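Have a look at the structure below before the remarks.
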Amino acid sequence: MSGIAVSTTINGDDVEFLCQAEETLLEVLRDRLGLTGAKEGCGTGDCGACSVLVDDRLVCSCLVLGAEAEGRNIETIEGMADGDKLHPLQRKFIEHAALQCGICTPGFLIAAKDLLAKNADPTEEEVRFGLAGNLCRCTGYDKIVRAVLDAASEMRGA
Amino acid sequence: MEYVLPASLNDAIGLLAGAKGNAFVLAGGSDLLVRMKGDFIEPDLIVDIKGIGELAQIVQTADGFTVGSAVPCAVMGENTALRKAWPGVVEAANLIGSKQVQGRCTIAGNLCNASPAADSVPALVAAGARAVIAGPSGKRTIAVEDVPTGPGKTSLAKGEIVEAIVLDKRPSNSGDAYLRFIPRTEMDIAVVSAGVNLTLGADGAVASARVALGAVAATVLLVSEAADAIVGTRLDDTAMEKLAQACSAAASPIDDKRGTVHFRKKVAGVLATRAARIAYERAGGK
């Protein structure tokens, strides 16, 4: 097929793909590269289910064009665990039952990872504000906030 | 649709000026992609300006700050000098959307999207910010309030791009602040908003001020009567009451699901007084 040839890095791997100009990064990740961890919730940047990191910047991949990935470094949920070893945030989400249907979970984990990278010891309020761009219709957020605070504590070695 | 990532401003202008059909500038895309996917617009050409080096940076000069039109609002929030000089502008810019949107959205985009409820615009208008516009016939610099002409409409001609937003250097006894009313605590669109920017004189009284209101008219309002109400005062109760009255009188909002005319007029005055108080304290006023 014809399209825009894009070379990028995803979870540390060099990746090349062809995409159409109007395709979003989320569509490329899911439909062309089989990375279906990022979810489409709203498609308008309101729910955060498609959160990924582009050059260490948290973004909604539904509001990024696939062509914009050229030369960037992208991190998705698929790169979060180290093989079979879960990231502390992933473990704490399971321990605290911080998910039910699971649609929002990859976005929350990516956003929480970004939050803790910028603030290793956040208050509950900072966690709630920091994750305000991620919507969850199941948990009521409390378990998610507790899981993130617990993971932060473990990651600090506290 | 074609996507292009030009490396120079002149290339970008040439592409936009020569485009057949609908051409759009892509900076953060947090409005553009939503409008595209909602079928509100059908671009034939998208010109991504993030590859243009000078547009992607904040430059501090002897005269103030130049914020390139491709600089995400999150980057503004991380710029200590800008935050210190223009806290109201930065807090307004950092209220747009979520952390995810912050990583992409820009104040130039917020301005050109021309929503009456745009968060950064009242703060920029209060700050006396200017937009540097580059186009096929050269550059021009206009007040930011002259960019939006109505909801979704701007004064930009075909081929023109906002290159940067310029914020002046100002005396240290100055302060600015932005407040909005939303029914939630985060991630919402302003029902009413107010930006206040002021400088104190040697006597500690307000020497000059600018007051701007958002979401109470088709474009952001610069309310000179509101500024006049506090100039020469230390924000005593009488001055604050006059400020609130001037704002409520100037507001000509619509009734919609987010707020009534009566509510918006009242809250415009309340927010302006609160923002004025914060700006005054930031300026060192007591």
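The values are calculated or read from the model by the stated rules, or taken from the named source; none is laboratory data. What you see is a predicted model; the values in this text were computed from it and never measured. As a convention, Cβ positions derive from the backbone with ideal geometry for all residues, glycine included, and neighbour counts pool all protein chains shown.
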Within region B:37-51, which residues are in a helix (DSSP H, G or I) and more than 18 Å from B:Leu111 (Cα to Cα)? B:Lys37, B:Gly51
Please count how many residues of region A:79-91 are within 18 Å of B:Gln100 (Cβ to Cβ) and surrounded by fewer than 17 Cβ atoms within 10 Å (Cβ to Cβ). 0
Name every residue in region B:62-83 that is part of a loop (DSSP other than H, G, I, E, B), of a type in the set (Gly, Ala, Ser) and more than 15 Å from the chain's Cα centre (by Cα), in order of residue number. B:Ala62
Just to be sure, is A:Ala117 surrounded by fewer than 18 Cβ atoms within 10 Å (Cβ to Cβ), out of contact with any strand residue (DSSP E or B) (no Cβ under 8 Å at 6 or more places or on another chain) and away from chain B (no Cβ under 14 Å)? no
So which residues in region A:92-114 are in contact (Cβ under 8 Å) with a residue 40 or more places away in the chain, aliphatic (A, V, I, L, M) and surrounded by fewer than 19 Cβ atoms within 10 Å (Cβ to Cβ), if there are any at all? A:Ala97, A:Ile103
Kindly check whether there is at least one residue in region B:106-124 that is in a strand (DSSP E or B) and more than 18 Å from A:Glu68 (Cβ to Cβ). no
Using the structure shown, decide if B:Glu2 is within 13 Å of another protein chain (Cβ to nearest Cβ) and more than 21 Å from A:Ser61 (Cβ to Cβ). yes
For region B:173-186, indicate whether the set of residues that are at positive phi and over 14 Å from the mean Cα position of the chain (by Cα) is non-empty. no
Would a scan of region B:249-256 turn up a residue that is touching a helix residue (DSSP H, G or I) at 6+ places or on another chain (Cβ under 6 Å) and of a type outside the set (Asp, Glu)? yes
Quick check, is B:Val59 more than 10 Å from every other protein chain (Cβ to nearest Cβ), out of contact with any helix residue (DSSP H, G or I) (no Cβ under 9 Å at 6 or more places or on another chain), in a strand (DSSP E or B) and not basic (Lys, Arg)? yes
Residue pairs qualifying under the 8 Å Cβ cut-off, at least six apart or on distinct chains, with the first in region A:1-21 being on the phi > 0 side of the Ramachandran plot and the second being surrounded by 10 or more Cβ atoms within 10 Å (Cβ to Cβ) and among the acidic types (Asp, Glu), are A:Asn11/A:Glu75; A:Asn11/A:Glu78
When (1) surrounded by 24 or more Cβ atoms within 10 Å (Cβ to Cβ); (2) within 27 Å of B:Arg258 (Cα to Cα); (3) modelled with pLDDT of 95 or more are applied to B:Trp86, the one that fails is (2)
Can you report the number of residues in region B:1-30 which are assigned to a helix (DSSP H, G or I) and among the hydrophobic types (A, V, I, L, M, F, W, C)? 6
Based on what the data block shows, is B:Cys105 within 14 Å of another protein chain (Cβ to nearest Cβ), of a type outside the set (Phe, Trp, Tyr), under 24 Å from A:Gly107 (Cβ atoms) and touching an Asp or Glu at 6+ places or on another chain (Cβ under 9 Å)? yes
In region B:1-42, residue farthest from the chain's Cα centre (by Cα) [restricted to those that are acidic (Asp, Glu) and modelled with pLDDT of 95 or more]: B:Glu2
Restricted to region A:23-72 and to residues being within 15 Å of the chain's Cα centre (by Cα), more than 7 Å from chain B (Cβ to nearest Cβ) and of a type in the set (Gly, Ala, Ser), the residue surrounded by the most Cβ atoms within 10 Å (Cβ to Cβ) is A:Ser61
When the residues of region A:120-146 are filtered to those that are among the hydrophobic types (A, V, I, L, M, F, W, C) and in a helix (DSSP H, G or I), which remaining residue is surrounded by the fewest Cβ atoms within 10 Å (Cβ to Cβ)? A:Phe129
Inter-residue pairs, beta-carbon under 6 Å, first more than 20 Å from B:Lys158 (Cα to Cα) and in region B:37-65, second among the polar types (S, T, N, Q), 6+ apart: B:Ile58/B:Asn79; B:Val59/B:Thr66
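Scanning region A:1-22 for residues that are of a type in the set (S, T, N, Q) and within 13 Å of chain B (Cβ to nearest Cβ), which turns out farthest from the chain's Cα centre (by Cα)?
A:Ser2
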